[in-house]
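Worksheet: one structure, shown below.
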Amino acid sequence: MPQSVRLTGMTAIDTRLLGAPGYGPVPPSGRTRLERRAALDVSIDDELLRGELRGAALADSLRGTLAILVEHELSRSEPLDEHAFLSAGALAGLFAGARRRRRLEALIGMNFVRRTDGGLRPTVAGIAAIRPTSAQPASGRPSRELLRALRRAEIGGIRR
């Protein structure tokens with residue numbers, strides 16, 4: 001806890017001890033690289049679990065739409081263009097584009113997909129909803145580096 005000293009009519013706070021153990025939170029810049037990576041990995045594991053749990057109850061139509069985005073992400077490194085995604089596909093009929101847009105908006109609302117500069121990317125939870133990591137051997141799982149890159153972008157895209 002910072003030490004306060006009461007002087008006549010003013011208060012002085014000693015901030016030299018703010019990073020010391022037991023004296024307040026450590027500023028983010030004071031964390032080591034290993035601590036930051038460990039915190040990121042915990043965040044990824046939380047999102048993988050959330051995706052698996054919520055993905056089990058996902059409707060088939062949403063699951064199919066999300067599967068297209070996940071497979072694109074795992075096979076290529078660039079995001080899928082939103083316009084191309086909405087105009088192409090196996091859906092047929094007069095309102096096919098509107099249905100696909102509604103499904104996409106629902107997945108974005110569930111935080112399974114996010115928009116990036118005109119493109120679409122699945123989130124870590126979105127990948128886990130389609131490819132549950134607990135049911136796959138280590139060789140079939142997405143690489144940890146891909147998951148870290150996606151999670152960093154998700155965290156960086158959160159607006160305050």
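The values are calculated or read from the model by the stated rules, or taken from the named source; none is laboratory data. What you are looking at is a predicted structure, and each value in this text was computed from that prediction instead of being measured. Note that we place each Cβ from the backbone using ideal geometry, even for glycine, and neighbour counts take in every protein chain shown.
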**Fill in**
Checked ARG6, ARG36, ARG76, ARG50 against criteria (surrounded by 14 or more Cβ atoms within 10 Å (Cβ to Cβ) and either more than 17 Å from ARG151 (Cα to Cα) or at pLDDT 55 or above (or both)); the one match is ARG50
**Message:** Which condition from (1) of a type outside the set (Asp, Glu); (2) in a loop (DSSP other than H, G, I, E, B); (3) under 17 Å from GLU154 (Cβ atoms) is the one that LEU58 breaks?
**Reply:** (3)
**Asked** Out of curiosity, is LEU66 at pLDDT 90 or above and surrounded by fewer than 16 Cβ atoms within 10 Å (Cβ to Cβ)?
**Response** no
**Message:** I'd like the full set of residues that are buried (at least 16 other Cβ atoms within 10 Å of the Cβ) and either of a type outside the set (D, E, K, R) or closer than 16 Å to SER75 by Cα (or both), limited to region 97-118.
**Reply:** LEU104, ALA106, LEU107, MET110, ASN111, PHE112, VAL113
**Meets criteria (of a type in the set (D, E, K, R), in the same structural domain as ILE127 (by TED's automatic domain parsing) and touching a Lys or Arg at 6+ places or on another chain (Cβ under 8 Å)) for GLU52** = no
**Request:** Count, please, the residues in region 108-144 that happen to be modelled with pLDDT under 90 and either acidic (Asp, Glu) or touching a Gly at 6+ places or on another chain (Cβ under 6 Å) (or both).
**Result:** 1
